[in-house]
Amino acid sequence: MDQPAPAADVAPRPAFGLSIVVPVYRGAATVGRLVDALAALRPAGGLEVVLVNDGSPDDSDAACRALLARTDIAIVYVEHARNFGEHNAVMTGLRHASGAYVITMDDDLQNPPEEVTRLYDHARLGHWDVVYTRYAVKQHAGWRNLGSRFANAVADRLLDKPRGLYLSSFRCMAALVVREIVRYTGPYPYVDGLIMQVTRHIDSIEVAHLPRAEGRSNYTLRRLVRLWLNLATSFSLAPLRLAIWAGLAMALLGAVGAVLTIAEALILHDTPSGWASTMTVILFVGGVQSLILGVLGEYVGRTFLSANGKPQGSVRTVLRNGREGTQA
């Protein structure tokens, strides 16, 4: 007698208890040390590491390929055809992860590998959909910490997230959440925004944060601004609504100014034209109009690129070292 086919909405059983997704960019000097430290862990259900080389200009490709041969844990190596950005690389890694839980972390060793087990166990034993990490002391430059605080303050207002939750790239997600967020195929992913659209069953734990082991941060001011734009324009209509309110405020201010000008002309017949006040109003109104047009242009431009199929990430190579996982 034929067995009934499995339901289409039943996910396959995960091959590993834990997958760790690591976007690699200028990480040739650190990715080997990170993977060696992760290999010493023995998480319940087995471990898989997914390395995504995001068009790194250094020897990260050779370093990752060498790990496939010499590491005794399951390694998946994914190479992007060019640099697409951290969140795009994370999305590619999530699509190749097969764990019941997936942790994302950077390749710079600022997140101690020993904290991985704590994070995984907290999510697994507490049955949380997502667990973020927070730091008592962040080992970043002052401007970078200020930028992070600003980004989190913006996220508090634009994203439907628990108030005060710190959004860290060192996070653990259940397979349910991963399956849902990788459905997004747009060119401007913001992983935390996607998470907030899927679940509110979220917790956080405090972990250590170490100084960068090698080199300097890949996050420049330009990259941080692009991240803020992704946050603001991909998952919220707040900038458009702000533009509407700015337009209404300027219309009201213009009406008040017109009434005052007419009253002044009727009462003080010899009042000279005020060049300074006129220029001030023109510049102020012009600045607000430019801001509104810029916001609208950003939305239109992103819609145009999405409609024209700009890729989220182009995968050149996917390699596996053939290590098998233990069913979770």
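Structure above, values below:
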| read-out | value |
| --- | --- |
| Of the criteria (1) in contact with a Ser or Thr (Cβ under 7 Å, 6 or more places away or on another chain); (2) at pLDDT below 95; (3) among the small types (Gly, Ala, Ser), which one Ala5 fails | (1) |
| Helices (runs of 4 or more DSSP H) within segment 51-138 that include 3 or more residues under 30 Å from Lys310 (Cα atoms) and assigned by TED's automatic domain parsing to the domain that holds Val24 | 60-70, 86-96 |
| Tally, over segment 41-93, of residues that are buried (at least 20 other Cβ atoms within 10 Å of the Cβ) and of a type in the set (D, E, K, R) | 4 |
| Gly309 being small (Gly, Ala, Ser), modelled with pLDDT of 70 or more and in contact with a strand residue (DSSP E or B) (Cβ under 8 Å, 6 or more places away or on another chain) | no |
| Enumeration of residues in segment 312-328 that are in contact with a strand residue (DSSP E or B) (Cβ under 7 Å, 6 or more places away or on another chain) and at pLDDT 80 or above | Gly313, Ser314, Val315, Arg316, Thr317, Val318, Leu319, Arg320, Asn321 |
| Where Leu293 falls short, out of the listed (1) part of a helix (DSSP H, G or I); (2) modelled with pLDDT under 75 | (2) |
| Subset tally (residues that are over 11 Å from Arg171 (Cα atoms) and at pLDDT 65 or above) for segment 130-149 | 6 |
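The values are calculated or read from the model by the stated rules, or taken from the named source; none is laboratory data. What you see is a predicted model; the values in this text were computed from it and never measured. Note that each Cβ is placed from the backbone with ideal geometry, even for glycine, and that neighbours are counted across all protein chains shown.
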